[in-house]
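All of the numbers you see were taken from the coordinates with simple rules; none came from a lab. Note that the coordinates shown come from a computational prediction; the quantities given were computed from them, not determined experimentally. Cβ placement follows ideal geometry from the backbone for every residue including glycine, while neighbour counts extend to all protein chains displayed.
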Amino acid sequence: MSERTIYLDHAATTPLDPRVLEAMLPYLTEHYGNPSSIHRQGRAALQALDDAREQVALVLGCSRREVIFTGGGSESINLAVKGAALARRAAGAQAHLIVSAIEHHAVLHAGEYLQQQHGFEVTLLPVDEGGLVRPDHLRAALRPDTALVSVMYANNEIGTIQPIAELGAICREAGVPLHTDAVQAAGVLPLDVEALKVDYLSLTAHKFYGPKGVGVLYARRGAPLLPQINGGAQERRRRAGTENVAGIVGLAAALTLAEERRPAAMERMRTLRERLIDGVLAAVPDSWLNGDRVQRLPGNANLGFAGIEGESLLLLLDQAGICASSGSACTSGSLEPSHVLLALGLSPAAANASVRFSLGHGVIEADITYVLETLPPLVARLRAVVAQGAEREPIAA
Ligand SMILES: *Cc1c(COP(=O)(O)O)cnc(C)c1O
């Protein structure tokens, strides 16, 4: 086991920024009030909540009342997709949903729920081989009974950035609201909801150096939304439950910091990422890059290595101190290839031969050098094992 840890899994989660922790601490200690209480402790908590809402609204370019605090990305997405679709259906006959084929499972499974429990019809928008949604495909999929469109801003596995403003304009023309899962975009891409032409936008703090378990849903004023958690009147009756005050303070601090760091961080990360991609493609024969090379998050490198299991490579990388990830999920003992990579047209074997590296603020040049030294021999080792296994196979059979 290597002593060294090189964390290249920022798309899964990011470390908490010490400045964010510092902003949160008073609300985990002396300011413990419930924001709904009228006494001084409650008022202090409510003030913190108001300030955080103002900070978030500033980054999104929206009004404070359009900001809903939630328990994270999955909750924001569920509130948007189910809440908007069910509200639209209650108001009319709309029972059709359009989502891209490469959405996060939070969107895809919320869509399946609407289909199975509420009789919705769901159209999956295909993507091209780089992972991009074509605006004309959206135009063709829209129907008079479409309740909602949901297309992610940037993909978590392959980093592809979608033309959200263009898709937003098409939705507006058709009078259909658009939700975007912007979880991977925060701190990297502009989040101005007017420029993006979206009606709902989801964020989660732990993807931009904030705490886990706290998120935001932006919901445009007047956009239909049925609450998915019932109870008290918090968040203007759109999300019941005592607010996670410290978490919300942390989210707002993290988002403000992320926005400040964004231009410089983007450049720095893109340079490191290009070095990683070029270095791996040059050093490892039969390797390839998944996803569009240009319309891509600056920190994402999703690479495939013919003839190996990505999961095996991840274990060897971990022993060498490198933390990376794959889109595959292990369901009942067998490896399910990533739905995102399959949607690009990859075979199940090629999908399972892929590994995602996602960079973040803490990554330095020397880390990339170490990966470029470490990775090629590990791939060669795995391929040698596979070749030996193939030789032995006739004997075993
Ligand atoms: C991480 C992630 C989510 C889920 O966010 P949680 O806060 O973990 O629930 C949703 N969408 C994308 C694109 C993500 O990367």
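Here are some notes:
- If you wrap the stretch 191-256 in the convex hull of its Cα atoms and look at it from every side, the mean projected area works out to 4.9 nm².
- Computed over the chain, the per-residue total of -39500 (n - 2.57) for DSSP H runs of n ≥ 4 gives a 222 nm mean residue ellipticity of -14500 deg cm²/dmol, rounded to 500.
- Altogether, the Stokes-Einstein calculation at 37 °C and 0.692 mPa s, with the Kirkwood radius of the stretch 164-224 over Cα pairs as Rh, returns a diffusion coefficient of 270 µm²/s.
- Computed from Cα atoms, the angle from the helix 105-118 axis to the main principal axis of the chain rounds to 60 degrees.
- Computed lengthening from residue 221 to residue 192, 0.36 nm per intervening residue step minus Cα-Cα distance: 8.9 nm
- Between amide H atoms placed 1.01 Å from N, distances below 5 Å from residue 325 occur with 356, all of them 5 or more places distant or on a separate chain.
- The stretch 5-79 - charge dipole about Cα centre, Lys and Arg +1 at Cβ, Asp and Glu -1, debye rounded to 20: 280
- Rounded to the nearest 20 debye, dipole of the chain from Cβ charges on Lys, Arg, Asp, Glu: 1140
- Sequence ranges 86-94, 350-358, 44-52, ranked by mean other-Cβ count within 10 angstrom, highest first: 350-358, 44-52, 86-94
- Counting only Cα atoms, the chain measures 74, 52, 38 Å along its principal axes, largest extent leading.
- Counting only alpha carbon atoms, the long axis of helix 40-60 and the longest principal axis of the chain meet at about 60°.
- Judged by the mean number of other Cβ atoms found within 10 Å, the most tightly packed of the peptides 237-249, 14-26, 196-208 leads the ranking 196-208, 237-249, 14-26.
- Ranked by how many other beta carbons lie within 10 Å on average, peptides 365-371, 385-391 from highest: 365-371, 385-391
- The stretch 18-260: relative contact order as a whole-number percent, Cα under 8 Å and 6+ apart: 27
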